[in-house]
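The values are calculated or read from the model by the stated rules, or taken from the named source; none is laboratory data. These numbers come from a predicted model, not from an experiment. A quick note on method: Cβ atoms are made from the backbone with ideal geometry, for glycine too, and the neighbour counts reach across all protein chains shown. Just so you know, the surface numbers come from the protein's heavy atoms only, side chains and all, with ligands and any DNA or RNA stripped out. Shrake-Rupley method; radii C 1.70, N 1.55, O 1.52, S 1.80 Å.
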Amino acid sequence: MRFILIFLKKNTSLASQMPRTFILNLFLLVVINLLIKPIWIFGIDRGVQLQVGVNDYGLYFALLNFSFLFNILLDAGITNFNNRNLSQHIHLIGKYFSGIVFIKLFLSAIYIFFLLIAAWIVGYSTWQGYLLMLLGINQILLSFILYLRTNFTALQQFKTDSFLSVFDKLWMIIICGPILWSNWFEFKITIEFFIYAQGFSYILTILLCLFLLGKRIQLPRLKFNKALFYYILKSAAPYALLFVLMTIYMRIDSIFLERLLPNGKAEAGVYAAAYRLVDASNMFSVLFAGLLLPMFSNMLKKKEDIKPLLFVSYTLLIIPTLLLILGGYYYRLAIMEMLYSKLGAFAIAEVFGILFISTFALSTTYIFGTLLTAAGRLKLLISIASISILISVMLNLILIPVYGAIGAAISNVSALLFSGLAHQYYAYVSFNIHLNYKKLGAALIYIIVVASTLYTSSLISVHWIISLSIWFILSILLAAFFQLIPFLQISKLIKTEIANRT
């Protein structure tokens, strides 16, 4: 259990060390995403799956993950390169903008070409190839959004980035919500319409990004610079390789399911249904990483101590994640019956129970992997990702033919657990981080206590959602009692910041 928590020395004052920017902007980011993304995930994405059926959505999910595998050709590591470099050298934002836009247009053409060639080699039908092309175009639009958002984080415009992170989902709710939730329209949503709506939402988001960025900096005219073109590509190449390797071991499971089994589309649909709630939980890890990369990069350049920020971020993320895993596993069947009563809740629940463990691994990877990325330890990260792929591929080939979607879930969790623990171990070594064994012991006792009270809370004669909510709230309060989450210090910090701004 060495991976549970990182703690500072006993007498360290957290209130004086916790970065105010991180706490306040994390709070804003979480609130905005909690308002929009649950509606998108459970109201729109789930609603579309229920309307189009498990087979059509299973095909869409497999094709979507197939399109992710070629993102190395689309992004080439530019997003992470730009985020890290501009955080350390903000004066280059105008110079890089023109060069990166040309690079991304060039890479987009290459991406579509190889995506369609790969689809032909794999043996997708004409209709499947057409859907894959549409998804590829959406991936291009999304890659531009992610790049444009890195300019806002580099400018420390975290509030703007928080809003932009949900703008496309907001438009999907506006477009698809009335069709799914009312009788105003005669037609039903198809997978094709769903993909078109996503593309339209991405275009609107790009236009808003350009408008807001143009108000903060003077956007240069697009002018091709050969030297800058090759410099950025060369500098971003390691980030590109790392990105594609991580994408492969995170996304390849559904592709194996769809290709290896006679009923592959149905199994991929079950896997997609189970993965949806896991993906929603992992949203918070992604939000943490998006804030931490520019902060870690800037602090490392200034040779500041990153341990207080690392401690705060990991503590705030890992405790709720562990609680979600415990609660989600215990009530897995009830949750899936509520969400997918028409799709075979028991089968989905079994896959979900295994797959949900991956949220812990991904939380660990996003925190410590982000730190190692900011430190430029790309060779190490590439090695970890390569081994994770080997684990994933071998286990998928062995387990999927026998256990189907459950085998894919076991493969996914195994690869991600290795990756998360490897990232944490090398972060400890690289930054001379030591465990506080007294605090670690408190964390172990805490986990035993909350796991025990989970069963006790289920005996209360109320609906399981109320029982789970009561347990979760009590567990958070217990975390404060065990001093695992410094609520008092965080509260004082926020009050001080608000007072300073008024």
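At-a-glance table
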quantity	calculated
Candidates TRP181, TRP120, TRP171, TRP127 - the one that is in contact (Cβ under 8 Å) with a residue 60 or more places away in the chain and either open to solvent by 10 Å² or more (accessible area, probe 1.4 Å) or of a type in the set (S, T, N, Q) (or both)	TRP181
Residue list for region 419-477, restricted to those being open to solvent by less than 50 Å² (accessible area, probe 1.4 Å) and assigned to a loop (DSSP other than H, G, I, E, B)	PHE431, ILE433, LEU435, ASN436
Yes/no for ILE306 being within 30 Å of ILE433 (Cα to Cα) and either open to solvent by 10 Å² or more (accessible area, probe 1.4 Å) or under 16 Å from the mean Cα position of the chain (by Cα) (or both)	no
Residue check, ALA273 under 30 Å from MET338 (Cα atoms) and small (Gly, Ala, Ser)	yes
Residue match in region 285-300 (condition: in a loop (DSSP other than H, G, I, E, B), open to solvent by less than 10 Å² (accessible area, probe 1.4 Å) and within 30 Å of VAL270 (Cβ to Cβ))	no
Per-region count, region 103-115, residues surrounded by fewer than 17 Cβ atoms within 10 Å (Cβ to Cβ) and either in contact with a helix residue (DSSP H, G or I) (Cβ under 7 Å, 6 or more places away or on another chain) or among the basic types (Lys, Arg) (or both)	2
Check on VAL413, under 28 Å from the mean Cα position of the chain (by Cα) and closer than 26 Å to TYR331 by Cα	yes
Selection within region 134-181 - at positive phi and in a helix (DSSP H, G or I)	none
LEU242 surrounded by fewer than 20 Cβ atoms within 10 Å (Cβ to Cβ) and either without any contact (Cβ under 8 Å) to a residue 24 or more places away in the chain or not β-branched (Val, Ile, Thr) (or both)	no
Hey, ASP161 acidic (Asp, Glu), open to solvent by less than 30 Å² (accessible area, probe 1.4 Å) and under 20 Å from GLN49 (Cα atoms) or not	no
Any hit, region 231-254, residues being over 30 Å from THR365 (Cα atoms) and assigned to a helix (DSSP H, G or I)	no
Number of the exception - ALA197 against (1) in a helix (DSSP H, G or I); (2) hydrophobic (A, V, I, L, M, F, W, C); (3) touching a residue at least 40 places away in the same chain (Cβ under 8 Å); (4) surrounded by fewer than 22 Cβ atoms within 10 Å (Cβ to Cβ)	(3)
Single match in LYS265, LYS223 (criterion: assigned to a loop (DSSP other than H, G, I, E, B), open to solvent by 70 Å² or more (accessible area, probe 1.4 Å) and not hydroxyl-bearing (Ser, Thr, Tyr))	LYS223
Tally of residues being at pLDDT 70 or above and farther than 19 Å from ILE252 by Cα across region 55-79	2
Odd one out for LEU148 among (1) at pLDDT below 80; (2) touching a Cys at 6+ places or on another chain (Cβ under 6 Å)	(1)
Filtered residue count, region 478-502, keeping only those that are at pLDDT below 70 and either part of a helix (DSSP H, G or I) or of a type in the set (A, V, I, L, M, F, W, C) (or both)	15
Hits in region 90-123 (condition: of a type outside the set (A, V, I, L, M, F, W, C) and modelled with pLDDT of 85 or more)	SER108, TYR111
Region 309-346, residues that are over 21 Å from LEU454 (Cβ atoms), among the small types (Gly, Ala, Ser) and surrounded by fewer than 20 Cβ atoms within 10 Å (Cβ to Cβ)	SER341, GLY344
Check on ILE382, in contact with a Leu (Cβ under 6 Å, 6 or more places away or on another chain) and open to solvent by 10 Å² or more (accessible area, probe 1.4 Å)	yes
